[in-house]
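The values are calculated or read from the model by the stated rules, or taken from the named source; none is laboratory data. This structure is a prediction, so every number in the text was calculated from the model and none was measured. Heads up, the Cβs are rebuilt from the backbone with ideal geometry, glycines too, and the neighbour counts pull from every protein chain shown. Quick note on the areas: whole protein, heavy atoms, side chains included, nothing else; ligands and nucleic acids left out. Shrake-Rupley method; radii C 1.70, N 1.55, O 1.52, S 1.80 Å.
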Amino acid sequence: MTMATETKYETAIRQLEDIVEKLENNELDIDEMSKQLKKAQQLIKLCKDRLTKTDAEIQKILSDE
């Protein structure tokens, strides 16, 4: 796994945490809430895809031993 991949994943997680915090603190108006929820959905997909890919790579490495 490259450092760039890790950074992108970590950045996505931080952005998700920020969105959740704003939602919990009622800091978003209705228009911004919709925009942030769409962004969160994309970030979740990115993270899920990255985790799935990494898991597949790990399984391949372990099965090669």
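Observations on the structure shown:
- Pairs linking a residue in segment 33-45 that is small (Gly, Ala, Ser) to a residue that is open to solvent by less than 70 Å² (accessible area, probe 1.4 Å), with Cβ atoms under 7 Å and 6 or more positions apart or on different chains, are ALA40/LEU16; ALA40/ILE19.
- GLU27 vs. criteria loosely packed, with under 11 Cβ neighbours inside 10 Å and either of a type in the set (D, E, K, R) or modelled with pLDDT under 95 (or both): no
- Condition met for GLN36 (more than 13 Å from the chain's Cα centre (by Cα), of a type in the set (S, T, N, Q), modelled with pLDDT of 95 or more and open to solvent by less than 100 Å² (accessible area, probe 1.4 Å)): yes
- In segment 39-53, the residue that is farthest from the chain's Cα centre (by Cα) out of those that are over 15 Å from GLN15 (Cβ atoms) and not β-branched (Val, Ile, Thr) is LYS53.
- Members of segment 53-65 that are part of a helix (DSSP H, G or I) and either open to solvent by 90 Å² or more (accessible area, probe 1.4 Å) or in contact (Cβ under 8 Å) with a residue 24 or more places away in the chain (or both): LYS53, THR54, GLU57, GLN59, LYS60, ILE61, LEU62, ASP64
- Residues located in segment 23-40, provided they are out of contact with any Lys or Arg (no Cβ under 9 Å at 6 or more places or on another chain) and either in a helix (DSSP H, G or I) or aliphatic (A, V, I, L, M) (or both): LEU23, GLU24, ILE30, ASP31, SER34, LYS35, LEU37, LYS38, LYS39, ALA40
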